Amino acid sequence: MGVADLPLLGQIHGRLTWLDERQRLIAQNVANSDTPGYVGRDLRAPTDFAAAMREGGGLQMAQTRPGHMPVGGPSGAPVARFTSEAAPDSETTLDGNAVVVEEQMLKMAESRMAYDAAIGLYQKSLAMLRLATKPPGR
């Protein structure tokens, strides 16, 4: 078992991937803030375990026996890890644009703080692993 196989580090990696995708969507919203009729998009926070199980929620499944149901959709195709949904901001302009740049900047700052926290946790976890693998007395 390698360091990358540890469940904690896998969860942190999943969180960082989710935050990366959210930053990409927020940047896309800001880039289209003057596009008539554009409605901003955002990722739904994966907080409800039951909903995550129903929708796939980025969980990696494996078909361990031939009699098991196929992984992913009905044809066995992999399920998308994250799905974005329309998330209009608090106001819509006359041309139908529903992106408020200030609200997008708040979302970006929130994502950045969560990203920094996840990176800090990742670094602390690696430091603990390094400490645990040191020979005694060093």
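The values are calculated or read from the model by the stated rules, or taken from the named source; none is laboratory data. Bear in mind that the values here come from a model prediction, so they are computed numbers and not experimental data. When we count neighbours, we look across all protein chains shown, and the Cβ atoms used for this are built from the backbone with ideal geometry, even at glycine. We work out accessible area using only protein heavy atoms, side chains counted, and drop any ligands, DNA or RNA first. Shrake-Rupley method; radii C 1.70, N 1.55, O 1.52, S 1.80 Å.
Has segment 29-48 got any residue that is modelled with pLDDT of 80 or more, under 21 Å from TYR115 (Cβ atoms) and open to solvent by 60 Å² or more (accessible area, probe 1.4 Å)? Show your work before the answer.
Our first condition is that a residue be modelled with pLDDT of 80 or more; within segment 29-48, this holds for 29-43.
Remaining after also requiring under 21 Å from TYR115 (Cβ atoms): 29-31, 40-43.
Narrowing further to those that are open to solvent by 60 Å² or more (accessible area, probe 1.4 Å): 31, 41.
Taking every residue of segment 29-48 in turn, at least one turns out to be modelled with pLDDT of 80 or more, under 21 Å from TYR115 (Cβ atoms) and open to solvent by 60 Å² or more (accessible area, probe 1.4 Å).
Which residues, counting only those in segment 21-31, are free of Cβ contacts under 8 Å to residues at least 24 places away in the same chain and farther than 16 Å from VAL101 by Cβ?
ARG24
Within segment 7-28, work out how many residues are under 20 Å from LYS124 (Cβ atoms), touching a helix residue (DSSP H, G or I) at 6+ places or on another chain (Cβ under 9 Å) and open to solvent by 50 Å² or more (accessible area, probe 1.4 Å).
Residues flagged as under 20 Å from LYS124 (Cβ atoms), touching a helix residue (DSSP H, G or I) at 6+ places or on another chain (Cβ under 9 Å) and open to solvent by 50 Å² or more (accessible area, probe 1.4 Å) within segment 7-28 amount to 3.
Scanning for something under 24 Å from PRO7 (Cα atoms), over 23 Å from the mean Cα position of the chain (by Cα) and either open to solvent by less than 100 Å² (accessible area, probe 1.4 Å) or modelled with pLDDT under 80 (or both), does segment 74-90 turn up at least one residue? It would help to see each step written out before you state the result.
Here is the first cut: in segment 74-90, the ones under 24 Å from PRO7 (Cα atoms) are 78-83.
Still in the running and over 23 Å from the mean Cα position of the chain (by Cα): none.
Scanning segment 74-90 turns up no residue that is under 24 Å from PRO7 (Cα atoms), over 23 Å from the mean Cα position of the chain (by Cα) and either open to solvent by less than 100 Å² (accessible area, probe 1.4 Å) or modelled with pLDDT under 80 (or both).
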